[in-house]
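Undergrad: I have a structure I would like to understand better, so I am pasting it below and will then ask my questions one at a time.
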């Protein structure tokens, strides 16, 4: 009996394919996922599945019988994670370091297989640097430039900038409710390339005006 991931490491917005194989046919199994945040809190999710006649469970195909999510959702074990103490505190993460999710497969309370998945915001070859206009994320090979305009939620902007660069877009992050002039200056910085302008929150207003 084993848990199989198509990749051991991927970007946060990429889809992991997880299957349980070599199980008894028509067997009820439980999958549990855990991940620790920077504060040391362990977030967890779980779901129960029924294996098919070939002794296989495929999260891309099979909805759970029960658990922390319902219905067909291949990423259900990832987005339904919660703190065991039912705290409303947000997931604590202060850096762009990869996070590891641990999966356990159990039958009648006994763990029979394990797997681990590394999820990251930065692809190989992406570099971060400060500029006069904001923070720049640069991939090794750039497809175009993106100016990311925010409203003071630097953590979310930083994640988005890192992911955009990981997909090949040189990204300039302009945060903290920038004045329109700063947005226009950022566009001037990127004018030598094909440019995309993305705004979130109040930053969307400046993006529309620009």
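Undergrad: Name every residue in region 65-80 that is farther than 15 Å from residue 104 by Cβ and either in contact with a strand residue (DSSP E or B) (Cβ under 7 Å, 6 or more places away or on another chain) or not assigned by TED's automatic domain parsing to the domain that holds residue 115 (or both), in order of residue number.
TA: The answer is 65, 66, 69, 76, 80.
Undergrad: How many residues, within region 66-82, are in a strand (DSSP E or B) and surrounded by 14 or more Cβ atoms within 10 Å (Cβ to Cβ)?
TA: Of the residues in that region, 1 qualify.
Undergrad: Next question, about the same structure. Just one of the numbered conditions (1) part of a loop (DSSP other than H, G, I, E, B); (2) surrounded by 11 or more Cβ atoms within 10 Å (Cβ to Cβ) is not true of residue 104; which one?
TA: Checking residue 104 against (1) part of a loop (DSSP other than H, G, I, E, B); (2) surrounded by 11 or more Cβ atoms within 10 Å (Cβ to Cβ), the one that fails is (1).
Undergrad: State yes or no: is residue 10 surrounded by 13 or more Cβ atoms within 10 Å (Cβ to Cβ), under 29 Å from residue 168 (Cβ atoms), in contact (Cβ under 8 Å) with a residue 24 or more places away in the chain and in contact with a strand residue (DSSP E or B) (Cβ under 9 Å, 6 or more places away or on another chain)?
TA: yes
The values are calculated or read from the model by the stated rules, or taken from the named source; none is laboratory data. None of these values were measured; they are calculated from a predicted model. Note: ideal-geometry Cβ built from the backbone for every residue, glycine included; neighbour counts use all protein chains shown.
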